[in-house]
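Student: My questions all concern the structure below.
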Amino acid sequence: MEKKTTIYSEHTSKYLTVLCRHFARKVDAEWDEVSGNVAFPMGEVEMRADPSRSALTIYCRADGKDKLNAVMAIIESHVHLFARREPIELVWEP
């Protein structure tokens, strides 16, 4: 199963780096300025920044609805943690 969301901000590359660096403390993560991958025990996350559009698209993948919801909840809580200075609403699409 997969769902995605797109964040629009002037700081998308920064969010990608901060999120991946934070997750790398506990799980496998790799990233550069425009893409990142994180492997959680219940699923995985792929992030792609498009600085020309000020967009960061986040793909969450997992085997099963409960696992996918858990991965999405981790992403949501951490995006809100690191985006304190600007309101970001995550709208998940299939």
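Student: Kindly evaluate residue 29 against the criterion of being in a strand (DSSP E or B) and touching a residue at least 12 places away in the same chain (Cβ under 8 Å). Step through it out loud before you land on a result.
Tutor: Working: in a strand (DSSP E or B): yes; touching a residue at least 12 places away in the same chain (Cβ under 8 Å): no.
No; evaluated as a whole, the condition is false for this residue.
Student: Limited to the stretch 38-54, what total is found for residues that are part of a strand (DSSP E or B) and either in contact with a helix residue (DSSP H, G or I) (Cβ under 6 Å, 6 or more places away or on another chain) or not basic (Lys, Arg) (or both)?
Tutor: Residues flagged as part of a strand (DSSP E or B) and either in contact with a helix residue (DSSP H, G or I) (Cβ under 6 Å, 6 or more places away or on another chain) or not basic (Lys, Arg) (or both) within the stretch 38-54 amount to 10.
Student: While we're here: Whether any residue in the stretch 79-91 is modelled with pLDDT of 95 or more and charged (D, E, K, R) is what I want to check.
Tutor: The answer is no, given that none of the residues of the stretch 79-91 is modelled with pLDDT of 95 or more and charged (D, E, K, R).
Student: Of everything in the stretch 30-89, what is within 9 Å of the chain's Cα centre (by Cα) and among the small types (Gly, Ala, Ser)? Give them in sequence order.
Tutor: The answer is 36, and nothing else.
Student: List pairs: first residue in the stretch 10-25 and more than 18 Å from residue 76 (Cβ to Cβ), second residue of a type in the set (A, V, I, L, M) and surrounded by 21 or more Cβ atoms within 10 Å (Cβ to Cβ) anywhere in the structure, Cβ distance under 8 angstrom, at least six positions apart or on different chains.
Tutor: 13/49; 13/56; 24/38
Student: Residue under question is residue 4, and the condition is that it be in contact with a strand residue (DSSP E or B) (Cβ under 6 Å, 6 or more places away or on another chain), among the charged types (D, E, K, R) and not in a strand (DSSP E or B); does it hold?
Tutor: Spelling it out, it is not the case that residue 4 is in contact with a strand residue (DSSP E or B) (Cβ under 6 Å, 6 or more places away or on another chain), among the charged types (D, E, K, R) and not in a strand (DSSP E or B).
The values are calculated or read from the model by the stated rules, or taken from the named source; none is laboratory data. Please read these numbers as outputs of a predicted model, since none were measured by experiment. Here the Cβ is made from the backbone with ideal geometry for all residues, glycine too, and neighbour counts use every protein chain on show.
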